[in-house]
Every structure is written in structure tokens, then in C-alpha cells.
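Written out below as C-alpha cells is the structure these notes cover.
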Amino acid sequence: MTEQPTSVLMLSLGGTIAMTGGAGGVVPTLTAEELIAAVPGAADTGIDVQVQTFRQLPSASLRLDDLTALAALIAERTTTGDVDGVVVTQGTDTIEETAYLLDLLHSDDAPIVVTGAMRNPTQAGADGPANVLAAIHTAASPTARGLGALVVFADEIHAARYVRKTHSTSGGTFRSPNTGPLGHVVEGAVRLLAYPPHRLTVPLTAVTRTPRVGLHTVTVGDDGALLAGAEHLDGLVVAGFGVGHVPQLLISQLTALAATIPVVLTSRIGAGPVLEATYAFPGSESDLRQRGLIGAGFLDSYKARILLHTLLAAGADHDTVAAGFAAAGGTGAPAHWPWASTPRHRAKVDE
């Protein structure tokens with residue numbers, strides 16, 4: 001009996017990978033059909049690639065509602081077994097945020113692989129076709145099943161929770177500072193070297209609102225003026241100095257905010273954890289946690305904002321938000337939060 005070919009759905013959102021010349025610069029114009037047609041060797045993989053143009057936008061203009069709708073489409077196609085994996089192409093500016101939101105909202109084992117390009121198709125050495133081909137191989141690989149959303153770039157495979165864009169122009173921009181890549185695409189095959197210890201998911205059906213979540217990056221001399229009006233937000237992420245420190249001038253504002261909305265404490269460094277109980281001065285991590293701020297563990301500020309948005313969109317209360325960050329941030333989940341120790345299982349928010 002002849003086996004059915006592996007089927008991968010490729011969804012295009014626009015971005016540099018889809019840009020061609022416009023007035024004064026490049027703009028997103030290429031469709032998903034045109035993108036796949038420009039990939040050498042795609043027809044020789046034996047993988048059935050279905051394509052759909054979902055958006056044609058620079059990634060800076062993508063909205064969280066766009067990405068939630070994208071997650072719903074992916075769920076529709078993967079839960080029915082219609083496709084074995086999904087590739088998403090988009091601009092690199094917000095890939096790390098898109099990938100993590102998709103990771104949180106994806107409960108199926110089918111891999112979601114997000115990729116893009118740093119050099120547009122009009123430039124010499126455009127990297128889009130190679131990245132798309134590597135992403136297709138990854139999305140079709142049984143080895144990648146159960147890993148949630150991944151970012152594949154320059155033949156490296158990164159977990160959505162850990163990856164960051166680290167350089168504004170380099171083709172090797174995507175890095176996972178705390179972990180390194182999970183693996184590589186070698187001669188069209190997925191070679192994994194590591195697995196995430198666990199993965200947190202939130203049921204897509206539980207997402208019923210669009211909360212407003214702010215991000216405030218602390219700077220030297222910060223007097224809190226930019227926090228004015230934050231009480232009207234549904235949640236706030238604070239990117240503090242070092243291991244989670246803020247100026248003393250911000251303490252009263254953050255204390256008042258934490259009494260009314262979830263306030264999550266991260267580090268503006270982008271690598272390493274927020275601590276819990278090493279420093280004790282006013283504005284230190286232990287002082288802020290005693291005032292009700294929620295530590296984000298190893299999650300950077302951008303991922304923390306995506307997680308807080310997703311939890312609040314699902315109606316999570318303060319305790320559930322804290323439990324979610326304990327699980328996703330790698331600081332250890334509380335007993336009432338069900339989570340698993342292998343990448344092929346997930347901690348889940350109950351609907």
C-alpha cells in the first residue's frame with residue numbers, strides 16, 4: 001500500500017521575505033504561491049505543501065487579533081488531521097512574539113514552524129527560500145511533533161519560548177540566549193539536540209476578550225511619569241534592571257498598580273532570570289515581590305507580555321496568572337497547576 005505524502009500548510013503573513021520594490025523601498029507584495037515557487041528543491045521533497053496568503057503586512061503592523069485568528073485557522077486544519085504540520089512566514093521584527101503566542105494557543109501535536117528572511121528577494125543572497133525549505137522539512141518531521149511552535153532560521157531550530165531576535169540586520173539574528181537552539185536542519189533532516197522541559201498551553205476556546213497589556217522598560221532616572229494612566233490597563237509588564245530592580249521612585253506606583261491589576265516583573269537584559277530573594281533594598285526583586293509583583297523567571301519582557309495577554313484573554317485571575325508564570329518561567333509550578341516534565345506533554349489552563 002502506497003503511503004500518503006506528508007502534508008504541510010504554509011501560511012504567509014507578509015514581511016521582508018515577501019517584499020519587492022516599491023516607491024523608495026520594498027513593500028510586502030508576494031503571495032504564498034509566489035513564495036513557494038521561488039524555493040529551489042521544494043518540489044523534490046515529496047512533501048505536499050498547501051499554501052495560503054493569510055495577510056500581506058510588515059510584521060510591525062500585525063495585531064494580536066490577527067495572530068489569534070491565525071491560531072484558530074491552524075487549529076482548524078491540524079486537529080482534523082488535514083495537515084501534518086504548519087509553516088508561517090512573516091517579517092522578522094515580531095517573529096518571537098508571534099511564535100510564542102501560537103505556542104501558547106496550540107494544543108495539537110502538529111508542529112508550527114515560523115520563519116522569514118533578513119534579506120528581501122531583490123537582494124543578493126536572499127535567505128528566504130532556504131529558510132522556507134528548512135521550515136517545511138521541520139514541519140513535516142515526526143521528530144518535531146509535540147514541540148509546539150518553533151522558529152527555524154539559518155538551519156537552526158529554536159523553541160518559541162526561548163528565541164529572540166538579537167541583531168537588526170544579521171542573517172544569524174535569531175538566538176536562544178538561555179538555552180541555545182534545540183537542534184538543526186541537516187541535509188533536509190531534523191536533528192534535535194535538546195528538548196524543552198515542559199510547555200504551557202491555554203485553550204483557544206477560552207480566549208474571549210482582548211485585554212490591554214502594557215510594557216514599561218525601566219531606565220536610569222525613571223521617575224514614573226510614563227506609568228501615568230497604567231491603572232487603566234488590564235495588566236502590566238515591568239522590565240527592570242538586572243535581576244529585577246527598579247528605582248525607589250517607582251515603588252509606590254507599582255505597589256498601587258499591583259493591588260488592582262497583575263504586574264509582572266522581568267529583566268530588561270533579555271537573558272537570565274529574575275531572582276526571588278537575593279537583594280533586599282527598596283525596589284529590589286524581593287521587595288517588589290512582597291508588594292504583589294509576579295516574577296517572570298526566565299521569560300523576557302516580550303514573551304512575558306504575550307503570556308500575560310493570553311492568560312488575561314482567557315479570563316485568568318491573579319492566582320492563575322502567577323501559576324502560569326511559575327510554569328512558563330521555569331521557576332517551578334505550584335502543586336495545583338498541572339504540568340509535565342517532557343516536551344510531548346503540556347501544562348494546560350482548565351477551560
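The values are calculated or read from the model by the stated rules, or taken from the named source; none is laboratory data. In this text the structure is predicted, and so the values were computed from the model without any measurement. Cβ coordinates were reconstructed from backbone atoms using ideal geometry, including for glycine residues, and neighbour counts include every protein chain displayed. SASA here: full protein model, heavy atoms, side chains in, ligands and nucleic acids out. Shrake-Rupley method; radii C 1.70, N 1.55, O 1.52, S 1.80 Å.
Key figures for this structure:
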read-out	value
Tally of residues being touching a strand residue (DSSP E or B) at 6+ places or on another chain (Cβ under 6 Å) and crowded, with 16+ Cβ neighbours inside 10 Å across the range 216-226	2
Residue among Phe241, Phe174 that is farther than 30 Å from Ser107 by Cβ and open to solvent by less than 60 Å² (accessible area, probe 1.4 Å)	Phe241
Tally, over the range 184-213, of residues that are part of a strand (DSSP E or B), open to solvent by 40 Å² or more (accessible area, probe 1.4 Å) and touching a strand residue (DSSP E or B) at 6+ places or on another chain (Cβ under 8 Å)	2
Answer residue from the range 30-46, given it is under 26 Å from the mean Cα position of the chain (by Cα) and open to solvent by less than 60 Å² (accessible area, probe 1.4 Å) and is farthest from Leu204 (Cα to Cα) among those	Val39
Qualifying residues in the range 247-263 (those that are in a loop (DSSP other than H, G, I, E, B) and within 20 Å of His309 (Cα to Cα)) - the one nearest to the chain's Cα centre (by Cα)	Pro262
Close pairs (7 angstrom Cβ cut-off, 6 or more residues apart or separate chains): more than 14 Å from Ala117 (Cβ to Cβ) in the range 1-21, modelled with pLDDT of 95 or more and among the aromatic types (Phe, Trp, Tyr) anywhere	Leu11/Phe54
The range 214-236 residues that are over 16 Å from Val264 (Cβ atoms) and part of a loop (DSSP other than H, G, I, E, B), paired with ones that are open to solvent by less than 10 Å² (accessible area, probe 1.4 Å) and among the basic types (Lys, Arg) (beta carbon under 7 Å, 6 or more apart)	none
Filtered residues of the range 264-281 (kept if open to solvent by less than 60 Å² (accessible area, probe 1.4 Å) and either over 22 Å from Val321 (Cα atoms) or part of a loop (DSSP other than H, G, I, E, B) (or both))	Gly270, Ala271, Gly272, Pro273, Val274, Leu275
Condition broken by Ala117, with the remaining ones in (1) under 26 Å from Thr169 (Cβ atoms); (2) open to solvent by 10 Å² or more (accessible area, probe 1.4 Å); (3) in contact with an Asp or Glu (Cβ under 6 Å, 6 or more places away or on another chain); (4) of a type outside the set (D, E, K, R) satisfied	(2)
Close pairs from the range 98-111: first under 15 Å from Val8 (Cβ atoms) and open to solvent by 10 Å² or more (accessible area, probe 1.4 Å), partner of a type in the set (D, E, K, R) and assigned to a loop (DSSP other than H, G, I, E, B), Cβ under 6 Å, at least 6 apart	Asp109/Arg145
Check on Gly148, modelled with pLDDT of 95 or more and within 13 Å of Val39 (Cβ to Cβ)	no
Enumeration of residues in the range 138-170 that are assigned to a helix (DSSP H, G or I), open to solvent by less than 40 Å² (accessible area, probe 1.4 Å) and out of contact with any Pro (no Cβ under 8 Å at 6 or more places or on another chain)	Ala140
So Thr122, is it open to solvent by 10 Å² or more (accessible area, probe 1.4 Å), more than 21 Å from Pro181 (Cβ to Cβ) and at pLDDT below 95	yes
Residue tally, condition assigned to a loop (DSSP other than H, G, I, E, B) and either open to solvent by less than 10 Å² (accessible area, probe 1.4 Å) or acidic (Asp, Glu) (or both), over the range 304-321	1
Of the criteria (1) open to solvent by 10 Å² or more (accessible area, probe 1.4 Å); (2) closer than 15 Å to Phe174 by Cα; (3) not β-branched (Val, Ile, Thr), which one Asp84 fails	(2)
Count - residues of the range 1-28 that are open to solvent by 60 Å² or more (accessible area, probe 1.4 Å) and either hydroxyl-bearing (Ser, Thr, Tyr) or modelled with pLDDT of 95 or more (or both)	1
